[in-house]
Amino acid sequence: MPLTLEVDTARWRDHLKSYAGEHAGIVPVVKGNGYGFGRSVLAAEAAALGSPVLAVGTYDELSSVADFPGETLVLSPWRPGTPTTTGRVVHTVSRLSDLRSLAEEGDRPDVVVEVLTSMRRHGLDPAEIGAAAGLLADVRFRGWALHLPLDGDRLTEARRLADATLTAASGPLWVSHLKPADTATLAGETGTEVRLRVGTALWLGARDAIRASATVLDVHQLQRGDTYGYRQRRAWREGHLVVVAGGTAHGIALQAPTPAATMRQRAIALANGGLEAIGRALSPFVIAGSKRWFAEPPHMQCSMVWLPGGVTPPEIGDEVGVDVRYTTTTFDSVRMIT
Ligand SMILES: *Cc1c(COP(=O)(O)O)cnc(C)c1O
């Protein structure tokens, strides 16, 4: 198969089970590209784990997890114009006006009220918590949501907001990006159910259980001076042009920007994309033990990779490793190896 996510199924499921077992009450998040696996694959795994609630990112993603037997929390806040009830759906509300609109609907939708954290993505101003609590009689209040940043003293912030919210109305706390140990601490201190919404650490936590591979589609020998590709570049020495599955449509070489905080991180970012500016970029394709240079920028569904003379080229149909971010890659298939 072209670009494949290979899963060592037993190892992966062992990790899922132990993670879910160690961190009681987690809410598996399946959004976007489904962390490389696809949302419906993950929804089935979440069901097998016995999770009563699943989280998706957007309302548009609900249909892809329709087979999930439990409830589905939508992480993006409800806004006027979004469907209110679809049964088994828990809405996130981030503005007083939206909470009022939902309360006025009359059919008491299930609602989690999000409070703005230092993350500042969505949520009520903490000063509005009391006003929100006054509107909860006309919805099925399912708790408070806190989306914390990845850096900083998250437990202190979570404690402060937990105190402010639970004083106004008791209910579970749905947290994101709190460390599992801090989640347990918060639950203990508040005597409240704390549900950690988690994707990456769950689905991608067992790195050695998953890998990406690409099929070699073609191999051509190049002599010095031969031209190739859309740009008709010239080989500056002899070698091979390896055509591999995986292009821009899969997200190859379109990395999500990384916060390049350290010199080392900047160097890595440069190696992964920045060199495009000077005409060469290191590809994520690993052939004969090394990442190889793109012969030219990736095409829509395949890439041309330069293999220097002296390195034995792979055969057509072989699979080579690909070092990609699973959250930015769209695979053609997921191969569950049993
Ligand atoms: C994506 C998302 C999560 C899950 O994030 P991971 O880093 O993948 O665990 C949790 N909460 C919210 C609000 C999100 O948008």
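The values are calculated or read from the model by the stated rules, or taken from the named source; none is laboratory data. In this text, all values refer to a predicted model and were calculated from it rather than measured experimentally. Because the Cβ atoms are built from the backbone with ideal geometry, glycine has one as well, and the counts that use them run over all protein chains shown. The protein model used for the area step is the full one, side chains on, heavy atoms only, and it has no ligands, DNA or RNA in it. Shrake-Rupley method; radii C 1.70, N 1.55, O 1.52, S 1.80 Å.
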As a Kirkwood estimate from alpha-carbon pairs, the chain has a hydrodynamic radius in angstrom of 22.4 Å
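So what's Rg/Rh here for the stretch 181-221, counting alpha carbon atoms and using the Kirkwood radius for Rh?
Result for the stretch 181-221 is an Rg/Rh of 1.45.
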Ignoring ligands, DNA and RNA, what accessible area per residue does the chain give at 1.4 Å, in Å²? 47 Å²
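If the convex hull of the alpha-carbon atoms of the stretch 158-261 is projected onto planes in all directions, what is the mean projected area in square nanometres?
Projected area, direction-averaged: 12.0 nm².
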Report the relative contact order of the chain, percent, no decimals, based on alpha-carbon pairs under 8 angstrom and at least 6 residues apart. 20 percent
Local net charge near residue 238, Cβ-Cβ under 9 Å (Lys/Arg +1, Asp/Glu -1): +1
Top positive-direction residue, dipole computed over the chain with Cβ charges, set 333, 147, 286: 286
Using 0.36 nm per residue, how much length does the chain from residue 301 to residue 334 gain when fully extended, once their Cα-Cα distance is taken away? 10.2 nm
If amide H atoms are built 1.01 Å from N in the plane of the peptide, which residues on other chains or at least 5 residues away come under 5 Å of the amide H of residue 123? none
At 25 °C and 0.890 mPa s, grab the translational diffusion coefficient of the stretch 27-115 from Stokes-Einstein with a Kirkwood Rh over Cα pairs, rounded to a whole number in µm² per second. 185 µm²/s
Rounded to a whole %, the carbon-and-sulfur portion of the accessible area of the chain at a 1.4 Å probe is 52 percent
Multiplying the sequence separation of residue 101 and residue 137 by 0.36 nm and subtracting their Cα-Cα distance, what value in nm do you get? 11.7 nm
Stokes-Einstein D for the stretch 147-187 at 10 °C, 1.306 mPa s, Kirkwood Rh over Cα pairs, in µm²/s? 152 µm²/s
Karplus couplings for the stretch 309-326 from phi (6.51 cos²θ - 1.76 cosθ + 1.60, θ = phi - 60°), rounded to Hz, Gly and Pro as x? x, x, 9, 5, x, x, 8, 4, x, 5, 10, 10, x, 9, 9, 10, 7, 5
Can you compute the helix-only [θ] at 222 nm over the chain? Use -39500 (n - 2.57) per DSSP H run of at least 4 residues, normalise by all residues, nearest 500 deg cm²/dmol. -7000 deg cm²/dmol
Just flag the chymotrypsin sites (Phe, Trp or Tyr not before Pro) in the stretch 192-250 sitting in loop per DSSP whose Cβ has no more than 14 other Cβ atoms within 10 Å. 230, 236
For residue 17, which lysines qualify as cross-link partners when the Cα separation must be under 19 Å and same-chain residues fewer than eight apart are set aside? 179
The chain: most fluctuating residue of 303, 76, 63 per GNM, C-alpha cutoff 10 Å: 63
Along its principal axes, what span do the Cα atoms of the stretch 111-200 show, with the longest given first and each in whole Å? 34, 26, 23
Just to verify a number: FRET efficiency for residue 44 and residue 82, C-beta to C-beta distance, R0 = 25 Å, to 0.05? 0.45
